[in-house]
1. Within a Cβ distance under 14 Å of PHE93, other residues only, what is the Lys/Arg minus Asp/Glu net charge?
2. Once you have the Cα-Cα distance between ASN175 and HIS64, take 0.36 nm times their residue separation minus that, and quote the gain in nm to one decimal.
3. Can you give the local net charge around PHE71? Use residues other than it whose beta-carbon is closer than 15 angstrom to its beta-carbon, Lys and Arg +1, Asp and Glu -1.
4. What's the extension gain from THR118 to VAL156 if we count 0.36 nm per residue and subtract their Cα-Cα distance?
5. Which pairs break 18 Å Cα to Cα here: LYS77/LYS163; LYS102/LYS163; LYS42/LYS154; LYS100/LYS135?
6. State, in angstrom, two size descriptors of segment 75-181 derived from its alpha carbons: Rg to one decimal place and Dmax to the nearest whole number.
7. Treat each spin label as a single point 7 Å out from the Cα along the C-beta direction, and report the ASP33 to PHE71 distance in nm.
8. Identify all aspartates and glutamates with a Cα-Cα distance to LYS97 below 14 Å; exclude those on the same chain that are fewer than 8 residues away in sequence.
Amino acid sequence: MKKILFLLALSSSIHSITASTNTTFLLTEISQDSLRITELDKYWSELSKTVREGEFEAYEAGYHPDAVVVFATGKNKTSVPLAKALAGWKQGFIDTKEGKNKSDVEFRFSQRIGDATTAHETGIFNYWSSDSNGKNKVQHIIHFEMLLVKQNGKWVGIMEHQKHRATQEEWDNLNKQNSKY
């Protein structure tokens, strides 16, 4: 009888330790995910700010020097080095910084996957630009994916894939709590 009670107590202790270890592992995983999401929320917020303020160099610094942008929204689908895309976008940043344009971008997410040093973010961005008095507004609502890596404590984009145009309804319905990035 003493042997049976000992085995039951040992089994219960092992189960308790296993459950505690699994809970600790799960809580550590959740904590790491929360930290990653918080850091990435800051990344997207800062990226939006660079567009809004026309800070070209700061925008460029949000990407790895070897980053790639994939454009799949138009007839001529292409993949280009970020440096080539930036060359085409630079004047818009300059015009915004000088007050000739107003520009902004917001991000909403449908999926956020990653670990402590890698991330794959999927969602929709809503970019707009107009002249300084708000006329001639151009808006692009685009489904996108972004691959990011964390290097030296900083998140940088390594691949941006602009997949296809989104509707206003898709934008309005996508996770409104993430609309400020």
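Here, each number is a calculation from the coordinates, and none is a lab measurement. Everything quoted here is computed from the prediction, not taken from an experiment. Every residue, glycine among them, receives a Cβ derived from its backbone with ideal geometry; neighbour counts consider all protein chains shown.
1. -1
2. 37.2 nm
3. Within the 15 Å Cβ shell, the charges total +3.
4. Using 0.36 nm per residue and subtracting the Cα-Cα distance, I get 12.7 nm.
5. Beyond 18 Å: LYS102/LYS163.
6. 15.2, 43
7. Placing both labels 7 Å beyond Cα along the Cβ direction yields 3.6 nm.
8. LYS97 reaches GLU53, GLU55, GLU57, ASP131.
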